[in-house]
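Here is the structure we will look at.
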Amino acid sequence: MAQIFHRSTNTLSRVTIFGAVFIIGFALWVIGGIVRSPYATDQGITREQPVPFSHQHHVAGLGIDCRYCHTSVETSNFAGIPPTATCMNCHAQIWTNADMLEPVRASFSTGRPLVWSRVHRLPDFVHFNHSIHVAKGVGCATCHGRIDKMALTYQASPLTMQWCLECHRNPERFVRPRDQVFNMDYVALNQSEVGPKLVHDYNIQKLTHCSTCHY
Amino acid sequence: MSEIDFREFRKRIGDLRGREYWRSLEELSRSDDFDEFFAQEFPQQAVALDHGLHRRDFMKLMGASVALAGLTACNRPAEKIVPYVKQPENLIPGKPIFFASAMPLSGFGSGVLVESHMGRPTKIEGNPDHPSSLGATDAFMQASILGLYDPDRSQVVRHLGEISTWSEFIGALQAPLKSPGSMRLLTQTISSPTLGAQIQQLLAQYPGLKWHQWEPVNRDNVRDGLRMAFGSYVNAVYHFDKANVIVSLDCDFSDSGPGHLRYARDFATRRRVRKGATSMNRLYSIECSPSGTGAVSDHRFPVRPSEVEGWARSLLGGGQPPTAVQAAILKDLQANHGASIVIAGEDQPPVVHAIAMAINQTLGNIGSTITITDPVEVTPVNQLASLRELVNDMNSGAVKALVIMGGNPVFDAPADFDFASAFKKVPFRAHQSLYYDDTSMLSHWHIPETHYLESWSDVRGHDGTISIVQPLIAPLYNGRSPHEMLGALIGGLDVSPYDQVRGYWMGRGGQPPSAVTTSSGQPGAAALQFETNWRQWLNDGVIAGSALPPRSASASTNIPATSNRQPATGIELSLRPDPTIYDGRFANNGWLQELPKPQTKIVWDNVLLVSPKTARDIGYQDKERDAFVNERQTTLVDLEYRGRTLRVPLWVIPGYPDGAATLHFGYGRPHRSIQVEHMLGGYYETMPAGTVGVNVYPIRFSDGLGGGGGAKITRVQGEPPYIIACTQEHQSINLKDIGGDRKIIHAGTFEEYRKDPHSIVESEEPDEEMIIPPIAYNGHRWAMVIDPSVCTGCNGCVVACQSENNIAIVGKDQVHREREMQWLRIDRYYRGSPENPEVFHQPVPCMQCENAPCEPVCPVEATSHSAEGLNDMTYNRCVGTKYCQNNCPYKVRRFNFYFYSDYDTRALMPMRNPDVTVRSRGVMEKCTYCVQRINAGKIEAEKQDRRVRDGEVRTACQQACPTEAIVFGDMNDPNSAVAKLKKEPAHYALLAELNTRPRTTYLGVIRNPNPEIKP
């Protein structure tokens, strides 16, 4: 009886067996890479804003505290985007004719709000609360990066669940004293000592169950 | 139930202890059909698959999927943030603010606290400072938030059906105002002092103008009865917390009527039996239609409505000699001189109210358990007489102009008045209402009305306490408040309701009217004082000390000896407002339409309630009824009443008197809206004109608003059975499946409890053996205890949960397929004979089992255990296998078979709770113990470096409950209310022997029957 399959099918079957393991594995690796990449997470992407507001200038240059504008960061889940009136506290006096600030002045005089594009966006099924993180010693820069060095604001962290859990599982690696929360330059020299102490002092729990964020 | 069945039944309760409790007649007779129906959680599943997918549709869908698959990788569109230009003071973005207000219903206000997120009202809570609420809410209050956003509300002024403007309407008003003698004003019941003052001003300004009042659920009987007793119009306020013995003469005081939330709470304070209790109140309920009050009573006597008067007379003495039972009640009443209450229901004729007050007078209750005050209404009138006069004047041509403020008289006026044709004879007709309804369509002018959450006003509570009604949001749909309407009538000017309400109170020197004094201080100081007072009133939600002062009064005991009431012949028909959509005004509210009626558990329909025997008499046999249960159908009957015939679905209910029938009015509005239409599904073939339910108003006559005798019921032959969506047997705990006869309800008497507190619950020890190691809960240990002893089944908690947790409504078709979404259900159980069983209501939320059977079966770990013992449900992880639902012995999980959440209607978006995810299709959901509230409470506590205090976190159902039957808290805190309840002798867990270790547990029901009355 003649052979049903030609000899070349041997090669084909070897490639298939190899492929089943490696090609599919490679494809999964590529997909995994894509969903974690800035392409999917928007990490590092600046968005067009009505006014090219520079945190670098206002925070590093002028030394304005985060809470001057983000007033509710210590009390509410939402840190707060400043109302136009906050901008005009200063810009009624300085740079009153700058073209760049025309939308701000227009907003203030017409009463129509500025419409900003959200930079840090979580899905609707995630509930994040700023105030408790601030209270437990999570610095602004821990999640938002060196915002004082951003001419245009972008999302410094991937904001994936894996990234959240990194800290929720090991808070001692990230927490800082409460008085350093708003300090952009804070660097812990001995985090391995400070961290566990703060976790104890601040009663920081390792909250990793689902309803911590999802409800 | 045939005779043979009865013997069978008696044998059953004789033999089997576990089958002592039953949920429905079908279960009791235990037909084969029932078992088959019961075994399946979703018996209608197969039907849903009937709509076969064609190959072409499949290709179309799949083609779209492939095309869209490419798009999913693209970057998400930018989301916008719109901050304020000038941020209001005290507003913290992301934090809700609560404002005090009051919800008026039929003239009586209940205090509310409205949760507002960034200017959007999202949730109603009760105002703990308001005497009619004490922090509790009923279903109507909870659902009013949906009524506010309802996109079907009228949005424009209309003239002859065409869009017009408010100023044109004011212009058009001027002509009829020139001859006020032929002008009439028709309003609903008004207790608002400002509205009252405006109407008085109007009447003074236009002599000859007449004011009429009408509401289909009016309190004419109560008013006239109290007038008979006290000689003038008065208001009676009851103090159930002081009463040891209560006799309800067809009065559902705990679930309906002014002050019912307060009454329910006061009643419950004397009913909760805890360790060491020495006393408990006793309630006798003499009623026709099963009510919430009847369900919690110790003795319930089902009688036809016309027989109540006989009972009342016997209790008073002088009528027929009392029966043994009546004598025992009388003895009980007399033993509690000055500490009892006899209360008559709104549907009983005035004489019954007068008799009740005479009994109270004899018993010394007036002044102790009953306070008599001036009337709460601005001008109490007999509304039926008022409307009759108006209709006569319209027919005679004396009325040239009629302005109707609120209400829908074309739909709800007594049938014999033929309001519509009289109304059409009026040359100028204007109607102000929330919806463009039947009356609007017959009017020349229609003015959209503001919702109570949109406009300033004031209102009195059941004891006369005044609340300022403050708006939460500017009118969404161009509505005009009644104050503006009256302002336009008086001055033709636009005066804001705020100025009118504030102006009225400023005129009273900042004092409540009872305390008006001539001002002697500086005008500046007075104005300042007013500002302080005004802010205080708005903050508190009540004007302190504005309750009407008690009047010294004594009721006449001189009652006409003979009744002029004809004994009812044939079947006596009782017409009642619907328990969930009231007189029809809430017919467009999906939450209320889909709310199971407290006693029948029917949704989206009204039915004719009859006793099992009456049903048999008209040829509807038990076997047939039981067979219908598999398809959830019932038979249609023709109800002949005073020459008119209605075709209605029949419903057999235990504990109902023979020879009577109850029908709820409010349904069957001919003109319904898009929202309701959307929810109908395809099940209304058998109803005429495609209405939701049956319109009962055509058989509601002026000489018998509550019904009357002489009705005849005949079965409709040759019609297909009518499909009913009844949730009673849905998602029920199936004892058969989990092995054997267990008790879901444990009940006993107070006497037994005092002898041995542990006798109420037969403890069933769980098998503690486990293959997984037990978890130590060191932090919080959230738990709930529910006390069904005081649960009246009022449904307040169910709607509160729906509102708090963004729970979707699904429509009749889907409910019929057992897919209702309410996380909290109230199961109804009976015990005893079907003629007069004891009724038990048992709210069932998620049990939050420590050994949760749902968790190990989830293939994707979408449901998992939290460190505090919550059984978490992660929507974004769920792939919709429904294994968890299948494995839950308590049947508390709900699955989104379709896109039930309305993602499209923009008007409903701001209504949702921003703290809770809106669930999509294919996702399982269930009660979370309001984890968003737990998290918020924990965050606040953590920020202050302390533990959550007991009572700081309250679930939505707990907060709404008028009788405080639901208690939630941290079991690890030994001083918490919940931890104490867990140690009660009558405490038990549902299906404890399964060792699921549920966190939600129950107390045994304790009742206090009179030992002298044998059941």
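The values are calculated or read from the model by the stated rules, or taken from the named source; none is laboratory data. As the structure is a prediction and not an experimental result, all values here were calculated from the model. So basically every Cβ, Gly included, is an ideal-geometry build from the backbone, and we count neighbours across all protein chains shown.
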Filter result for the condition that a residue is of a type in the set (S, T, N, Q), within 18 Å of B:THR749 (Cα to Cα) and surrounded by fewer than 24 Cβ atoms within 10 Å (Cβ to Cβ), over B:THR323, B:THR269
B:THR269
Looking only at region B:114-142, and only at residues there that are touching a Gly at 6+ places or on another chain (Cβ under 9 Å), crowded, with 23+ Cβ neighbours inside 10 Å and aliphatic (A, V, I, L, M), the one that is nearest to B:VAL799 (Cα to Cα):
B:ALA139
Number of the condition not met by B:PRO322 [criteria: (1) part of a helix (DSSP H, G or I); (2) more than 31 Å from the chain's Cα centre (by Cα)]:
(1)
Of everything in region A:186-202 that's part of a loop (DSSP other than H, G, I, E, B) and touching a residue at least 12 places away in the same chain (Cβ under 8 Å), which residue is nearest to B:THR863 (Cα to Cα)?
A:TYR202
Of all the residues that make up region B:857-866, how many are within 10 Å of another protein chain (Cβ to nearest Cβ) and crowded, with 18+ Cβ neighbours inside 10 Å?
5
Of A:SER131, A:SER107, the only residue that is without any contact (Cβ under 8 Å) to a residue 40 or more places away in the chain, within 13 Å of chain B (Cβ to nearest Cβ) and either exposed (fewer than 15 other Cβ atoms within 10 Å of the Cβ) or among the polar types (S, T, N, Q) (or both) is A:SER107
Yes or no: region A:21-43 includes at least one residue that is in contact with a Ser or Thr (Cβ under 8 Å, 6 or more places away or on another chain) and polar (S, T, N, Q).
yes
Within region A:70-149, considering only helices (runs of 4 or more DSSP H) that don't extend past its boundaries, which have at least 3 residues that are not assigned by TED's automatic domain parsing to the domain that holds A:GLN191?
A:84-91, A:102-110
Would you tally the residues in region A:68-84 being in contact with a Phe, Trp or Tyr (Cβ under 7 Å, 6 or more places away or on another chain) and more than 10 Å from chain B (Cβ to nearest Cβ)?
0
Quick check on this structure: which one of B:ASP458, B:ASP463 is at pLDDT below 95, outside any loop (DSSP other than H, G, I, E, B) and within 20 Å of B:VAL376 (Cβ to Cβ)?
B:ASP458
Give me the helices (runs of 4 or more DSSP H) completely within region B:874-971, filtered to those with at least 2 residues that are more than 14 Å from chain A (Cβ to nearest Cβ), ordered by residue number.
B:883-887, B:956-960
Counting only residues that are surrounded by fewer than 23 Cβ atoms within 10 Å (Cβ to Cβ) and either out of contact with any Pro (no Cβ under 6 Å at 6 or more places or on another chain) or farther than 27 Å from B:PRO985 by Cβ (or both), how many does region B:272-298 have?
8
Out of all the residues in region A:25-52, which are away from chain B (no Cβ under 12 Å) and either closer than 17 Å to A:CYS90 by Cβ or in contact with a helix residue (DSSP H, G or I) (Cβ under 7 Å, 6 or more places away or on another chain) (or both)?
A:GLY44, A:VAL51, A:PRO52
Just wondering, is there one or more residues in region A:157-172 that are touching a Gly at 6+ places or on another chain (Cβ under 9 Å) and within 12 Å of chain B (Cβ to nearest Cβ)?
no
State all residues of region B:478-508 that are within 18 Å of B:THR165 (Cα to Cα) and either among the basic types (Lys, Arg) or assigned to a helix (DSSP H, G or I) (or both); if no residue qualifies, say none.
B:ARG480, B:PRO482, B:HIS483, B:GLU484, B:MET485, B:LEU486, B:GLY487, B:ALA488, B:LEU489, B:GLY491
Residue identified as in a loop (DSSP other than H, G, I, E, B), more than 26 Å from B:THR371 (Cα to Cα) and in contact with a Lys or Arg (Cβ under 9 Å, 6 or more places away or on another chain) among B:SER289, B:SER279:
B:SER289
Of all the strands (runs of 3 or more DSSP E) wholly in region B:93-211, which have at least 2 residues that are under 22 Å from B:ARG933 (Cα atoms)?
B:97-105, B:108-117, B:120-126
Residue identified as in contact (Cβ under 8 Å) with a residue 12 or more places away in the chain and either among the charged types (D, E, K, R) or surrounded by fewer than 14 Cβ atoms within 10 Å (Cβ to Cβ) (or both) among A:HIS6, A:HIS57:
A:HIS57
Residues that are out of contact with any Pro (no Cβ under 6 Å at 6 or more places or on another chain), crowded, with 19+ Cβ neighbours inside 10 Å and in contact (Cβ under 8 Å) with a residue 40 or more places away in the chain: does region A:167-175 have at least one?
no
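Table: residues versus (1) farther than 30 Å from A:ILE204 by Cβ; (2) in contact (Cβ under 8 Å) with a residue 12 or more places away in the chain; (3) assigned by TED's automatic domain parsing to the domain that holds B:TRP823.
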{"residue": "B:CYS927", "(1), (2), (3)": "no, yes, yes"}
{"residue": "B:CYS930", "(1), (2), (3)": "no, yes, yes"}
{"residue": "B:ARG933", "(1), (2), (3)": "no, yes, yes"}
{"residue": "B:LYS943", "(1), (2), (3)": "no, no, yes"}
{"residue": "B:GLU964", "(1), (2), (3)": "yes, yes, yes"}
{"residue": "B:GLY969", "(1), (2), (3)": "no, yes, yes"}
{"residue": "B:ALA977", "(1), (2), (3)": "no, yes, yes"}
In region B:712-730, residue surrounded by the fewest Cβ atoms within 10 Å (Cβ to Cβ) [restricted to those that are in contact (Cβ under 8 Å) with a residue 40 or more places away in the chain and in a loop (DSSP other than H, G, I, E, B)]
B:GLU719
Exactly one of (1) without any contact (Cβ under 8 Å) to a residue 12 or more places away in the chain; (2) within 12 Å of chain B (Cβ to nearest Cβ); (3) among the aliphatic types (A, V, I, L, M) is unmet by A:ILE94. Its number?
(2)
Quickly run through region B:80-92 and pick out the residues that are touching a strand residue (DSSP E or B) at 6+ places or on another chain (Cβ under 9 Å), within 7 Å of chain A (Cβ to nearest Cβ) and assigned to a loop (DSSP other than H, G, I, E, B).
B:VAL82, B:PRO83
Conditions: (1) within 14 Å of chain B (Cβ to nearest Cβ); (2) surrounded by 15 or more Cβ atoms within 10 Å (Cβ to Cβ); (3) polar (S, T, N, Q). A:GLN191 meets all but one. Number of the miss?
(1)
